[in-house]
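Read the structure below first, then the notes.
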Amino acid sequence: MDITSLLFYSFIVTFTPGPTNLVILSTVHNFGPKKAVEYTYGATIAFGSLLGISAMLNTVLITVIPKILIGMQIIGTIYMLYLAYQIYKMDTSAPTDNKAGTFISGFLMQFLNPKVVLFTLTVIPSFVLPYYTDISAVTISVIVITIIGFLAFITWVLFGAIFKQFLQKYKRTVNVIMALCLVYATIMIWM
């Protein structure tokens, strides 16, 4: 197994902007790092769960991937556009409630995030299963990739916390930019 390629692929996919990372940044921006970390825990658990599910069910999924992928694309598109709208319309003058950025919302987002679903469907069968099929090697791979994802999420929390004052000063502009980035990510699903 080419560990370098696996790690490179995992770092690129998890650290680059995507729906989860943008929601984390928005959560830090609007509700603070504590809520973003709570969201991150949910996202990480779901990310690891998806990797595990992919590893266990890979041979079954190969026959139905086209049907699953189109369904996930449609559901993911609707959800990402909903998130973009929520970020865009967020009232920057009103006090915020702390219902956003929950563990559950972070957890559920991963199952509707096409970037995560596509990544988890491809990383294990492409980089691990051709070389290792024993449970311990696959489990270690899932754990390592999950840790990489967690580090990526925490990096976005830290980025948001470090630049919080700047983000607060230009709150409306930042919300519009994040909403547009989510719309762009949604369009890229179909390219």
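The values are calculated or read from the model by the stated rules, or taken from the named source; none is laboratory data. All values derive from a computational prediction rather than experimental measurement. Cβ atoms come from the backbone with ideal geometry, glycine included; neighbour counts cover every protein chain shown. Note: accessible area is taken over every heavy atom of the protein model, side chains too, but ligands, DNA and RNA are not part of it. Shrake-Rupley method; radii C 1.70, N 1.55, O 1.52, S 1.80 Å.
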Measure off, as a whole percent, the carbon and sulfur share of the 1.4 Å-probe accessible area of segment 116-191, all protein chains present. 76 percent
Search the structure for amide H atoms under 5 Å from the amide H of GLY101, placed 1.01 Å from N in the peptide plane, and list their residues when 5 or more places away or on another chain. none
What are the ³J(HN,Hα) couplings of segment 155-165, residue after residue, when phi is run through the Karplus curve with 6.51, -1.76, 1.60 and θ = phi - 60°? Round to Hz, x for glycine and proline. 4, 5, 4, 4, 4, x, 5, 5, 9, 4, 4
Length released on extending from SER5 to TYR184, taking residue separation times 0.36 nm less the Cα-Cα span: 61.8 nm
Subtracting the Cα-Cα distance of ILE74 and SER49 from 0.36 nm times their residue separation yields 6.8 nm
Added length on full extension, which subtracts the Cα-Cα distance from 0.36 nm per residue, LYS34 to ILE104: 23.7 nm
Once R0 is set to 30 Å, what does the formula 1/(1 + (r/R0)^6) return for the Cβ-Cβ distance between LYS169 and TYR85, expressed as a FRET efficiency to the nearest 0.05? 0.80
In sequence order, calculated HN-Hα J values of segment 171-176 (Karplus, 6.51, -1.76, 1.60; Hz; x Gly/Pro): 3, 4, 4, 4, 4, 5
Rounded to the nearest 0.05, what FRET efficiency is calculated for TYR132 and THR155 with R0 set to 22 Å and r the Cβ-Cβ distance? 0.20
Between ILE162 and LEU57, what is the FRET efficiency for a Förster distance of 45 Å, r being their Cβ-Cβ separation, to the nearest 0.05? 0.70
